[in-house]
1. Looking only at region 10-150, where both bridge partners belong to it, what percent of the DSSP beta bridges are antiparallel (to the nearest 5)?
2. Among 16-27, 78-89, how do they line up from the highest to the lowest mean number of other beta-carbon atoms within 10 Å?
3. Once label points are set 7 Å from the Cα along Cα→Cβ at both Glu96 and Thr124, what is their separation, rounded to one decimal in nm?
4. According to a simple spin-label model (label point 7 Å from Cα along Cα-to-Cβ), what is the distance in nm between Arg65 and Gln10?
5. Met29 label point, 7 Å along Cα→Cβ, cut-off 19 Å on backbone N: hits in region 80-109?
6. Based on alpha-carbon atoms only, what is the radius of gyration of region 81-125 relative to the globular estimate 2.2 N^0.38 Å?
7. Beyond 24 Å, what share of the Cα-Cα pairs of region 10-150 is found? Please give it as a whole percent.
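Laboratory data are not the source of any read-out in this text; all were calculated from the coordinates shown. Here the structure is a predicted model, which means the values were calculated and not measured. Here Cβ is always computed from backbone atoms with ideal geometry, including for glycine, and neighbour counts include all displayed protein chains.
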Amino acid sequence: MIVPAAGKDQRRAVFGAVDYGSGAVTWQMHPRKGGDAFAALLDQIAQTWPDDHLVLVMDNVSYHRSPVVRTWWAEQEGRVTPFWLPVYTPNLNLMERVWRYLKQKLACHRFWADVEGLEAAASTLLRQIEAHFHPAEGPAIFLRKDLCEAA
């Protein structure tokens, strides 16, 4: 996410994961992309499901294989298994659909003058999103509550 401010862009990186069973989205915001920030999300995921064996579907973005993340994978061996998707297959990654949905909702005919407003809007949307590959009926990504009620 990018917000222009006084001649420069302020960026925020959002990292996220979808629980394929429930459709719940787990996410974190950081000032920049990188292995340390992504490892923090992995820690949050591991703490959310402390007793489960986890399989994390991963694309091939560079920070997923950074040294700090490789160390994290080694420490979690046997408990957390990465499932690496083929290169250039965003259609196989449900989280990519969530990002597309989020960007459409936040960027559609809007100019964000402040980073705090964008962060608040993104946080509100991410808390309300539920995502599924093949829903029985209705859209694959939807808000659990009406956005106006949630605000």
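1. Once the DSSP bridges in region 10-150 are tallied, antiparallel ones form about 65 percent.
2. Highest to lowest by the protection proxy: 16-27, 78-89.
3. For Glu96 paired with Thr124, the spin-label model returns 3.0 nm.
4. Roughly 3.5 nm, to one decimal.
5. Label zone hits: 98-109.
6. 1.50
7. On the way: 3301 of 9870 pairs.
More than 24 Å apart: 33 percent of the Cα pairs in region 10-150.
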